[in-house]
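We did not get these values from a lab; they are worked out from the coordinates using the rules stated. This one's a predicted model, so the numbers in the text were calculated from it and none came from an experiment.
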Amino acid sequence: MNAPVKAHARFDVEAIRAEFPILSREVHGKPLVYLDNAASAQKPEAVIEAVANVWRGSYANVHRGLHTLANETTGAFEAARGKIACFVGAGSPDRIVLTRGATEAINLVAASFGQGLAEGDEIILSQMEHHSNIVPWHFLRERKGVIIKWAPVTEEGALDIEAYKTLFTSRTKLVALVHMSNVLGTLNPAEELTRIAHGHGVPILFDGSQAVVHGSVDVTAIGCDFYALTGHKLYGPNASGALYAKGDWLDRLPPFLGGGEMIAEVSEEGVVYAHAPHKFEAGTPAIADAIGLGASLDWMGARVTPEALAHEHALLDAATAGLDEMDGIRILGTAPGKGPILSFVVEGAHAHDLAQIMDRYGVAVRAGHHCAHPLMKRYGITASLRASFAIYNTHAEVDVFLDALRRARSFLI
Ligand SMILES: Cc1ncc(COP(=O)(O)O)c(C=O)c1O
């Protein structure tokens, strides 16, 4: 992943904002300050148009038809697969399964790879995982007696790599780790973690839901076996996403869901599956959403420049400095190189109450466990507030956020 460079005057945040219709709306009579980007990013006109144009001008089911609309839609759908492959450096579109998001991508690996696991086999996760990279593995624990081992998180929010190294045994079958934490912002050293896993002959999956938003990711350079991503955090549509699988993994794994599209032939006696990646895409996919994800990647390619990423980091720094000036704030995640995600706890005030009051000032922040119960337990809390930045946020919005927080706190304490 590229390191962010210094902010540069060439980055025109107002021009970016003008592309997002929703950013000009008001909430409770105040301009919207949208800082819930780690949950889901807003959509630029280019993506809205791309999705609408599918419905308006060129829609049919994919892969099945011989008529013009079916061919056009299939072409656009497969082009989206190619764009995702380029976006993550997959090398070939055949290594990309189109899914409804990271959750489905991880469930696919857990279900398919998990078929080959037996009681007592081990999987390594970390304490900073999103529930979507925990629950599918608990299914295997419940159904097959697979053992989950947990790589600990240090106080500053880094993965404890020395402890991670000690978790491998002869029964370790897979590592599944988040690339960038949705709570701490920590960017895990994917290449090093992969090298360690492969040194033990163990494949590794990364949940890239946040990492792909805030820097360029090259799965080939990382060397990982699986990489999951989700479209709606990439300024794209909901119900879009992908799983990358290295080499011939997709040929070797059994299919996930069964149905139309994923077969070559079905008889009363049995099934011949389609070639990968189609083998993993049963049923009618989220066609317009996948095409919309392709459009969002085109859009990002032209907008998410090193200057834009530096801008996000400058916002994080400004917001962090503002919190540092306040008493009674505990920031979760201070690891070097973290992404623009700022989670914190305010002494004496519940995150939910603060978020609700801040909403009255037009400020959208997230409050809760962020689908990361084990991480909350690690820090001895039940909830935190989280402000997360996108390239369309501004320094003026950081000021409004800090001001709204001060007001909310003084109201409660
Ligand atoms: C780190 C991480 N992993 C996985 C997910 C799940 O993404 P989706 O619900 O789009 O599948 C999220 C969403 O918040 C996330 O932040």
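For the stretch 291-366, compute Rg over Rh where Rg is the Cα radius of gyration and Rh is the Kirkwood radius from the inverse mean 1/r over Cα pairs.
1.07
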message: Taking each pair of distinct Cα atoms in the stretch 125-233 once, what is the resulting Kirkwood hydrodynamic radius in Å?
response: 14.2
field: Viscosity 0.890 mPa s, temperature 25 °C, Stokes-Einstein D of the stretch 339-413 from Kirkwood C-alpha radius, µm²/s
entry: 192
task: Would you mind telling me the antiparallel percentage of the DSSP bridges in the chain, rounded to 5?
output: 60
statement: Semi-axes a, b, c in Å (a largest) for the stretch 93-160, each sqrt of 5 times a Cα gyration tensor eigenvalue, come to 22, 18, 10
message: To test your reading of the geometry: what angle, between 0 and 90 degrees and rounded to tens, separates the Cα axis of helix 351-360 from the longest principal axis of the chain?
response: 70
task: Could you give me the percent of Cα pairs per 5 Å distance bin for the stretch 25-167, shortest bin first, beginning at zero and ending with the bin that holds the maximum distance?
output: 2, 7, 10, 12, 14, 14, 13, 11, 9, 6, 2, 0
task: For the stretch 173-303, evaluate the Debye formula with one uniform point scatterer on each Cα (no solvent term) and list log10 I(q)/I(0) at q = 0.11, 0.14, 0.22 Å⁻¹, rounded to two decimals.
output: -0.47, -0.74, -1.30
task: Return the single residue from 85, 321, 364 with maximal mean-square fluctuation; model: Gaussian network over the chain, springs between Cα atoms under 10 Å.
output: 321
query: Starting at 0 and stepping by 10 Å, how many percent of the alpha carbon pairs of the chain end up in each bin?
result: 5, 22, 30, 25, 14, 4, 0, 0
- prompt: If one takes the longest principal axis of the Cα atoms in the chain, at what angle in degrees, from 0 to 90 and to the nearest 10, does the Cα axis of helix 45-57 lie?
  reply: 40
message: Using Cα springs under 10 Å in a Gaussian network model of the chain, which residue among 289, 218, 324 shows the largest mean-square fluctuation?
response: 324
task: Could you let me know the centre-to-centre spacing of the stretch 224-262 and the stretch 343-389, using Cα atoms, in angstrom?
output: 31
- prompt: Can you give the angle from 0 to 90° between the axis of helix 287-303 and the longest principal axis of the chain, with both taken from C-alpha atoms, to the nearest 10?
  reply: 50
message: Connecting C-alpha atoms closer than 10 Å in a GNM of the chain, tell me which of 253, 66, 293 has the biggest fluctuation.
response: 66
